[in-house]
1. Along the Cα→Cβ direction, 7 angstrom out, place labels at ILE150 and LEU10. What is the inter-label distance in nm?
2. Whole angstrom only: what separates the Cα centroid of the range 25-100 from the Cα centroid of the range 107-141?
3. For the chain, the longest stretch holding no trypsin sites (Lys or Arg not before Pro) located in a DSSP loop with at most 14 other Cβ atoms within 10 Å is which?
4. For the chain, give me the percentage of DSSP beta bridges that are antiparallel, rounded to the nearest 5 percent.
5. If amide H atoms are built 1.01 Å from N in the plane of the peptide, which residues on other chains or at least 5 residues away come under 5 Å of the amide H of PHE33?
6. For the range 125-131, take each phi angle, set θ = phi - 60°, evaluate the Karplus expression 6.51 cos²θ - 1.76 cosθ + 1.60, and give the result in whole Hz per residue in order, putting x for glycine and proline.
7. Given R₀ = 45 Å, what would the calculated FRET efficiency be for LEU110 paired with SER171, taking r from the Cβ atoms and rounding to 0.05?
8. Set the bar at 21 Å for Cα to Cα. Now go through LYS106/LYS145; LYS73/LYS137; LYS137/LYS199; LYS73/LYS130; LYS73/LYS114; LYS70/LYS137 and name every pair that lies beyond it.
Amino acid sequence: MAEVAWVKELFPQCDSYLEVYDRAGLVGERSIFAHGVQLTDSEFERLSEAKSAIAFCPTSNLFLGSGLFKIEKATSIAAPIKLGLATDVGGGTSFSMLQTANEAYKIAQLRQQKLSPFQALFLATLGGAKALCLDDKIGNFDVGKEADFIVLNPRSTPILAFRNQSPTPTSLSELADQLFSLIIMGDDRAIRATYIAGKLAYEKE
């Protein structure tokens with residue numbers, strides 16, 4: 001809040017922090033705004049109208065104590081905003097998308113909201129691609145897109161092996177449960193293989 005007040009002092013002619021960027025012509029379809037923990041309802045609406053994106057950086061927000069992101073505002077039906085998960089290399093505490101999704105889930109819980117494992121996976125993949133305006137090239141396995149992806153092992157650690165005793169889900173609910181366990185307890189050890197442009201770049205022995 002102190003930063004918002006300081007910007008108001010610097011730009012008293014602007015009604016909001018976002019308006020400072022807007023007056024400079026910096027609020028548009030290819031604009032990505034990090035954090036967004038202090039956004040007002042009108043600022044959320046403006047970002048939606050401009051088709052701008054938000055980079056949700058949960059580990060940074062929690063480490064700095066800067067605020068709890070309003071996931072429900074960014075994903076509302078009335079004024080949706082392009083949203084992707086981000087690590088924030090300056091204030092974040094992990095480069096792992098699994099750990100980032102883990103903290104995003106906790107932020108949702110603290111705000112009495114829900115973040116399903118499939119929603120978290122979307123934010124870490126296609127959601128981020130949409131935020132970058134690169135969803136025509138990356139983000140999912142549609143034919144013709146660049147095949148940059150990782151393969152995860154749901155039994156990569158003793159606790160995950162205990163949690164996921166059946167390695168192959170047989171229903172959507174089992175798949176959601178397994179994905180949730182990876183988000184909450186997974187880390188770099190869960191990465192079995194990495195593919196870049198469709199070619200194997202790394203594989204755990």
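No value in this document is a laboratory result; all are computed from the given coordinates. Owing to the predicted nature of the structure, the values given are computational and were not obtained by experimental measurement. Neighbour counts are summed over all protein chains in view; Cβ atoms, including those assigned to glycine, are modelled from backbone coordinates with ideal geometry.
1. 3.5 nm
2. The range 25-100 and the range 107-141 have Cα centres spaced 11 Å from each other.
3. Numbers: sites that count: ARG30, ARG111, LYS114, LYS137, LYS204.
Longest gap between qualifying sites, sites excluded: 31-110.
4. Bridges in the chain are about 55 percent antiparallel.
5. ALA53, ILE54, ALA55
6. With the stated coefficients, the range 125-131 comes to 10, 5, x, x, 5, 5, 4 Hz.
7. Efficiency, rounded to the nearest 0.05: 0.90.
8. Too far apart for the 21 Å limit: LYS106/LYS145; LYS73/LYS137; LYS70/LYS137.
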